[in-house]
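Asks: First the structure, then my questions, so here it is.
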Amino acid sequence: MSVPVGNALHQDNYLTHGKGWKSWLFTLDHKRIGVMYLISILASFLLGGVFALLVRMELWTPQRTIMDANTYNQMFTLHGAAMIFLFIIPGIPAALGNFILPLMLGAKDVAFPRLNLLSYYLWVVGAVFALVSIITGAVDTGWTFYTPYSTTTNTSVISITFGVFILGFSSIFTGINFIVSIHKLRPPTMTWFKMPLFLWSLYGTALIQILATPVLGITLLLLLAERALGVGIFDPALGGDPVLFQHFFWFYSHPAVYIMILPAMGIISELVATFSHRHIFGYKFIAMSSIAIAVISFLVWGHHMFVSGQSNLANLIFSILTFLVAIPSAVKVFNWVATMYKGEVELATPMLYALAFLFLFGIGGLTGLFLGALATDVHLTDTYFVVAHFHYTMFGGTAIAFFGGLFYWWPKITGRMYREKWARMAAFLIFIGFNTAFLAQFIMGAQGMPRRYYNYLPEFAPYHKVSTIGAFVLAVGFVLAAATLLHSLYAGELAPANPWGAATLEWHTSSPPPHENFETQPVPGDPYDVDQWVYDAAAGGYVLAPAGASGGRA
Amino acid sequence: MKSWLLGAERGFMLPVQASSVAPAVDALFKFIFWVSAFFFLLIVGLMLFFVVRFRRRPGYQKPTEAPSHNTFLEITWSVIPLVLVMIMGFWGFKVFLDLNTPPANAYEVQVTGQKWKWLFTYPNGHVDETLHVPVDQPVRLVMTSEDVIHSFFVPAFRVKRDVVPGRYTKLWFRATKVGTYPVFCAEYCGTGHSDMLTTVEVHEPGGFERWLEAASNLLNTLPPAEAGRRLYQTRGCAQCHSVDGTGGIGPTLKGLYGHPVVLRGGNRVTADENYIRESILEPMAKVVAGFDPVMPTYKGRLKDQEITALVAFLKTLASEDKGPAEQGRE
Ligand code: HEM
Ligand SMILES: [Cu+2]
Ligand SMILES: [Cu+2]
């Protein structure tokens with residue numbers, strides 16, 4: 001078997017295969033669809049980030065700083081909606097997953113390439129509907145669209161709701177595609193427990209995507225029916241029940257937070273193993289915990305409603321189940337740390353993101369315990385404590401893993417290496433900026449500062465100021481990260497096939513891969529048997545050790 | 001360090017404890033805090049230690065016998081956290097039951113949330129925009145909303161409860177410390193959400209009764225115009241009407257009394273006592289030109305004597321100059 005070692009940027013590869021914009025817009029190649037998703041999703045991240053900076057600027061002073069109350073309410077709604085529905089939920093599966101999943105399987109493409117393209121265009125249509133609402137009277141309901149506020153405010157709720165409804169279908173189609181691909185396209189020698197952990201996590205994610213997202217669709221349809229046709233479902237003025245909406249909404253949106261975090265955990269498993277240059281610790285526990293999380297996450301939605309008047313028994317059950325779902329997450333963290341033990345830890349940029357993830361997600365998960373316990377949640381819910389908690393999990397967890405994955409697979413996607421020093425500097429700024437922005441929010445939340453406040457009591461001003469400064473440091477970090485990646489596109493060194501020494505199959509092909517992914521069908525082995533790979537100075541990367549060589553050491 | 005960080009009185013993280021449940025809530029908060037701090041330091045500590053100890057460097061060879069799993073270890077570190085979080089879960093539930101079960105002898109106050117203010121109705125019918133309660137006596141709030149969902153939140157008492165239209169939700173507390181504490185609306189409700197603030201004033205023994213007596217008898221203890229001014233503020237008129245000539249949902253009340261008013265349809269009337277009285281009790285009878293008929297009727301909500309006081313207050317505004325936003329008036 002021959003495994004390519006070199007760079008294919010100047011030969012036939014998926015980027016050169018087919019020319020012109022039509023060859024992109026009508027492509028069925030999962031890699032090109034992944035790249036289109038990547039660009040769109042990063043654009044959404046930029047948009048959401050601009051809204052975030054505007055929100056933080058307004059909060060610099062306790063009274064009006066730069067905008068009026070209604071504009072502020074629209075800004076935080078658009079920030080949340082863009083980040084959640086356009087960036088975090090589709091981010092890892094649709095962009096990175098799309099590119100990597102078939103490669104990791106040693107397959108030519110996903111099971112349904114046309115469905116894949118359709119899912120991308122549904123994303124675009126959904127995003128357009130959501131953005132149109134900005135022009136036609138930006139929504140001010142918060143990303144949660146709670147009734148009866150959302151059925152009575154006179155902003156364009158219909159357009160954005162319809163947009164999110166369509167985005168849901170995009171997500172369902174990606175989920176179906178991944179499940180079928182994993183079942184049908186795995187090579188015969190890749191048994192379930194020989195699958196890379198990223199695939200396990202995408203599988204768990206896909207299960208939630210196809211089972212939970214339809215509930216969101218139904219909820220939003222009911223909301224539309226009430227708003228457009230006056231059918232009383234949630235609005236008590238029409239004989240409806242406002243709390244029913246919250247049940248429906250969180251029945252999707254809690255599992256959705258695991259749509260966000262599971263694939264992130266998958267990426268972290270890959271990064272920690274690769275850059276510890278050692279077999280992942282506790283493979284089976286990590287794999288099964290993904291599935292456990294996916295299943296239990298359906299049963300905890302009520303923890304968002306502890307103060308909305310649920311029965312005591314319901315509260316008890318939701319609280320206990322919430323704590324149960326924390327266990328598999330904790331197990332993964334311990335396993336990642338143990339993977340570094342007796343390894344050979346290399347602090348490359350993706351590993352810095354992985355370490356940042358352990359630190360930040362640790363805080364995010366542990367502060368979830370304060371919210372899972374009933375008595376403390378009553379005090380903390382709907383305060384900045386919750387805001388800080390979910391930023392530590394979604395940003396410190398998911399977004400950080402996404403960027404770690406982006407820097408990890410960048411050489412594979414583009415065929416170029418980036419400037420390691422700049423990339424590390426950016427990761428460092430992001431880490432510092434993030435903590436500055438959000439650590440202070442735990443304190444003011446515990447002190448009682450409610451969320452979604454345009455004006456606030458002067459005693460909270462110092463915390464808000466620190467948080468705003470942090471947000472701008474964070475922004476500088478991202479600008480530097482973006483500059484580093486863009487710079488690499490035209491000035492980066494050519495990437496070898498396997499720059500990091502990872503053993504999963506996407507590194508068994510040239511960077512960037514050819515149109516059909518592999519010149520010769522790769523033979524899957526243990527995805528974490530990194531010792532087969534040795535560094536080869538001539539190739540500039542890792543190559544398979546000659547058979548019989550003992551381990552990967554020179 | 002412990003009390004500085006988490007605060008028995010007013011600490012770095014938690015606000016003053018001013019209710020009977022606050023110490024129990026804070027005790028649980030502290031338990032979770034220290035458990036979390038322990039695990040966080042353990043994880044980050046080990047992580048940094050491994051990074052330094054096993055980092056790739058010239059001359060370093062990784063050991064060959066690194067384990068790829070260890071079932072005993074993995075079960076241990078699943079079970080220990082499991083036990084700890086179950087303790088948190090049941091402890092949280094136990095305190096929540098106290099927090100959620102009012103004693104039978106609680107003093108009851110009706111609470112109405114509306115965009116964007118709170119109204120508190122005491123058993124004797126007195127209505128106020130701030131909450132007053134006696135110290136060391138259980139108080140039960142029966143709450144409802146007139147429009148969208150709000151949430152009644154007193155950080156110092158560690159209590160919060162959604163206030164939902166079309167149903168009654170309940171909340172109770174026993175204040176333990178005399179003082180004045182902020183009350184927030186914690187569920188997003190639109191433009192004025194962050195201004196939907198009021199205070200709860202905890203009175204020393206006997207003080208609450210004195211306050212309620214005086215507040216309910218404003219009309220007998222204050223000059224009518226002054227009582228009218230208070231009513232203007234506490235009964236919601238200020239929501240829609242200014243007294244300084246600026247615009248609002250309703251016309252400014254400045255310079256109204258004794259001046260002619262143009263009504264919808266073109267008729268004119270002079271704003272005398274009877275017109276004002278009618279405007280308050282039957283707002284739809286004569287609607288001012290240029291305004292929507294959105295003023296609620298105060299029939300049955302204001303007593304005759306209170307209306308008289310409001311009229312007396314409006315009279316004091318009559319002499320001054322007219323403001324810019326006066327519409328429909330000459
Ligand atoms: C690991 C253990 C975790 C626990 C025990 C936990 C617990 C909770 C609880 C109880 C709430 C409700 C708080 C409230 O509204 O009062 C909450 C809110 C939230 N959590 Fe977590 N969580 C965990 C992890 C995560 C993860 C991994 C994510 C996402 C990646 C996440 C995202 C969120 C979000 C978005 C909210 C707030 C939604 C909103 O109200 O806007 N959490 N969490
Ligand atoms: Cu949740
Ligand atoms: Cu509110």
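Asks: Quickly run through the range B:35-59 and pick out the residues that are more than 7 Å from chain A (Cβ to nearest Cβ) and open to solvent by 30 Å² or more (accessible area, probe 1.4 Å).
Replies: The answer is B:Phe38, B:Leu41, B:Leu42, B:Gly45, B:Leu48, B:Phe49, B:Val52, B:Arg53, B:Arg57, B:Pro58, B:Gly59.
Asks: Which one is farthest from ligand 1 (Cβ to nearest atom) among residues in the range A:311-326 that are free of Cβ contacts under 8 Å to residues at least 24 places away in the same chain and at the interface with chain B (Cβ under 7 Å from one of its Cβ atoms)?
Replies: Checked the range A:311-326; the qualifying residue farthest from ligand 1 (Cβ to nearest atom) is A:Asn312.
Asks: Taking the range B:256-287, which residues are open to solvent by less than 50 Å² (accessible area, probe 1.4 Å), free of Cβ contacts under 8 Å to residues at least 60 places away in the same chain and touching a strand residue (DSSP E or B) at 6+ places or on another chain (Cβ under 6 Å)?
Replies: Of everything in the range B:256-287, those that are open to solvent by less than 50 Å² (accessible area, probe 1.4 Å), free of Cβ contacts under 8 Å to residues at least 60 places away in the same chain and touching a strand residue (DSSP E or B) at 6+ places or on another chain (Cβ under 6 Å) turn out to be B:Val269, B:Ala271, B:Tyr275.
Asks: Within the group A:Leu28, A:Leu42, A:Leu46, which residue is surrounded by fewer than 23 Cβ atoms within 10 Å (Cβ to Cβ), part of a loop (DSSP other than H, G, I, E, B) and not small (Gly, Ala, Ser)?
Replies: Exactly one of A:Leu28, A:Leu42, A:Leu46 is surrounded by fewer than 23 Cβ atoms within 10 Å (Cβ to Cβ), part of a loop (DSSP other than H, G, I, E, B) and not small (Gly, Ala, Ser), namely A:Leu28.
Asks: Could you look through the range B:104-118, keep only residues that are within 17 Å of the chain's Cα centre (by Cα) and not charged (D, E, K, R), and pick out the one that is nearest to B:Leu212 (Cα to Cα)?
Replies: B:Val109
Asks: Within the range A:443-457, which residues are open to solvent by 10 Å² or more (accessible area, probe 1.4 Å), within 27 Å of the chain's Cα centre (by Cα) and of a type outside the set (D, E, K, R)?
Replies: A:Ile443
Asks: So, in the range B:99-110, exactly how many residues are open to solvent by less than 30 Å² (accessible area, probe 1.4 Å) and either within 14 Å of chain A (Cβ to nearest Cβ) or free of Cβ contacts under 8 Å to residues at least 40 places away in the same chain (or both)?
Replies: 2
Asks: A further question on this structure: Restricting to the range A:287-310, count the residues that are more than 12 Å from ligand 1 (Cβ to nearest atom), within 13 Å of chain B (Cβ to nearest Cβ) and part of a helix (DSSP H, G or I).
Replies: Number of matching residues: 3.
Asks: I'd like the full set of residues that are more than 21 Å from A:Met394 (Cβ to Cβ) and open to solvent by less than 40 Å² (accessible area, probe 1.4 Å), limited to the range A:458-488.
Replies: A:Phe460, A:Ala461, A:Thr484, A:Leu485, A:His487, A:Ser488
Asks: What number of residues within the range B:114-141 are under 21 Å from B:Asp195 (Cβ atoms), of a type in the set (D, E, K, R) and more than 16 Å from ligand 3 (Cβ to nearest atom)?
Replies: Residues in the range B:114-141 being under 21 Å from B:Asp195 (Cβ atoms), of a type in the set (D, E, K, R) and more than 16 Å from ligand 3 (Cβ to nearest atom): 1 in total.
Asks: Return yes when A:Ile469 is of a type in the set (Val, Ile, Thr), within 30 Å of A:Gly97 (Cα to Cα) and either in contact with a helix residue (DSSP H, G or I) (Cβ under 7 Å, 6 or more places away or on another chain) or within 14 Å of chain B (Cβ to nearest Cβ) (or both) and no when it is not.
Replies: When the stated conditions are applied, A:Ile469 does not pass them.
Quick grid of which residues meet (1) crowded, with 22+ Cβ neighbours inside 10 Å; (2) within 14 Å of the chain's Cα centre (by Cα):
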position	(1), (2)
A:Phe390	no, yes
A:Gly396	yes, yes
A:Gly405	yes, yes
A:Trp410	yes, no
A:Thr414	no, no
A:Met417	no, no
A:Arg424	no, no
A:Ala427	yes, no
A:Phe434	yes, no
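Asks: May I ask you to list the residues in the range A:120-147 that are within 16 Å of ligand 2 (Cβ to nearest atom) and β-branched (Val, Ile, Thr)?
Replies: The one that is within 16 Å of ligand 2 (Cβ to nearest atom) and β-branched (Val, Ile, Thr): A:Thr144.
Asks: So which pairs qualify, if the first residue must be in the range B:184-207 and under 20 Å from B:Phe157 (Cα atoms), the second must be assigned to a loop (DSSP other than H, G, I, E, B) and within 16 Å of ligand 1 (Cβ to nearest atom), the Cβ gap must be under 6 Å, and the two must be at least 6 apart or on different chains?
Replies: Filtered contacts from the range B:184-207: B:Ala186/A:Asp382; B:Glu187/B:Ile149; B:Ser194/A:Tyr453.
Asks: Which is open to solvent by 40 Å² or more (accessible area, probe 1.4 Å), within 9 Å of chain A (Cβ to nearest Cβ) and basic (Lys, Arg), of B:Lys62, B:Lys94?
Replies: It is B:Lys94.
Asks: A follow-up question, please. What are the residues in the range A:146-189 that are of a type outside the set (Ser, Thr, Tyr), in contact with a helix residue (DSSP H, G or I) (Cβ under 8 Å, 6 or more places away or on another chain) and over 18 Å from A:Ala111 (Cβ atoms), if any?
Replies: Within the range A:146-189, A:Pro148, A:Val157, A:Ile158, A:Ile160, A:Phe162, A:Gly163, A:Val164, A:Phe165, A:Ile166, A:Leu167, A:Gly168 meet the criteria.
Asks: Restricting the range B:71-82 to residues that are without any contact (Cβ under 8 Å) to a residue 40 or more places away in the chain and open to solvent by less than 80 Å² (accessible area, probe 1.4 Å), which is farthest from the chain's Cα centre (by Cα)?
Replies: Step by step, filter the range B:71-82, then rank; the result is B:Thr71.
Asks: Same structure, new question: Looking at the range A:209-224, is at least one residue open to solvent by 20 Å² or more (accessible area, probe 1.4 Å), within 12 Å of chain B (Cβ to nearest Cβ) and more than 30 Å from A:Asp526 (Cα to Cα)?
Replies: No: the range A:209-224 contains no residue that is open to solvent by 20 Å² or more (accessible area, probe 1.4 Å), within 12 Å of chain B (Cβ to nearest Cβ) and more than 30 Å from A:Asp526 (Cα to Cα).
Asks: Check off (1) open to solvent by less than 20 Å² (accessible area, probe 1.4 Å); (2) more than 30 Å from A:Ser467 (Cα to Cα); (3) without any contact (Cβ under 8 Å) to a residue 60 or more places away in the chain for A:Met340 and give me the number that stays unchecked.
Replies: Looking at each condition in turn, A:Met340 falls short on (3).
Asks: Separate question: Exactly one condition in (1) within 16 Å of ligand 3 (Cβ to nearest atom); (2) more than 14 Å from chain B (Cβ to nearest Cβ) is not met by A:Gln246; state its number.
Replies: (2)
Asks: Scanning the range A:464-490 for residues that are among the aromatic types (Phe, Trp, Tyr) and touching a residue at least 40 places away in the same chain (Cβ under 8 Å), which turns out nearest to A:Gln447 (Cα to Cα)?
Replies: Ranking the qualifying residues of the range A:464-490, first place goes to A:Phe472.
Asks: Which is surrounded by 24 or more Cβ atoms within 10 Å (Cβ to Cβ), assigned to a helix (DSSP H, G or I) and more than 16 Å from ligand 2 (Cβ to nearest atom), of A:Phe323, A:Phe370, A:Phe359, A:Phe275?
Replies: Going through A:Phe323, A:Phe370, A:Phe359, A:Phe275 in turn, the sole match is A:Phe275.
Asks: In this structure, is A:Ala491 open to solvent by 20 Å² or more (accessible area, probe 1.4 Å), aliphatic (A, V, I, L, M) and at pLDDT below 95?
Replies: In short, yes.
Asks: Tell me yes or no: at least one residue of the range B:228-244 is over 18 Å from B:Gln137 (Cα atoms), touching a helix residue (DSSP H, G or I) at 6+ places or on another chain (Cβ under 8 Å) and in the same structural domain as B:Val139 (by TED's automatic domain parsing).
Replies: no
Asks: Filter the range B:146-156 for residues that are more than 9 Å from chain A (Cβ to nearest Cβ) and either away from ligand 3 (no atom under 13 Å from the Cβ) or touching a Ser or Thr at 6+ places or on another chain (Cβ under 9 Å) (or both) and give the result.
Replies: B:Glu146, B:Phe152
Asks: Could you list all residues from the range B:22-34 that are at the interface with chain A (Cβ under 8 Å from one of its Cβ atoms), under 26 Å from A:Phe361 (Cβ atoms) and not aromatic (Phe, Trp, Tyr)?
Replies: B:Leu28, B:Ile32
The values are calculated or read from the model by the stated rules, or taken from the named source; none is laboratory data. Here the structure is a predicted model, which is why all the values come from computation and not from measurement. Ideal geometry is used to build each Cβ from the backbone, glycine not excepted, and the neighbour counts take in all protein chains shown. In case anyone asks, the SASA skips ligands and DNA or RNA and just uses the protein heavy atoms, side chains included. Shrake-Rupley method; radii C 1.70, N 1.55, O 1.52, S 1.80 Å.
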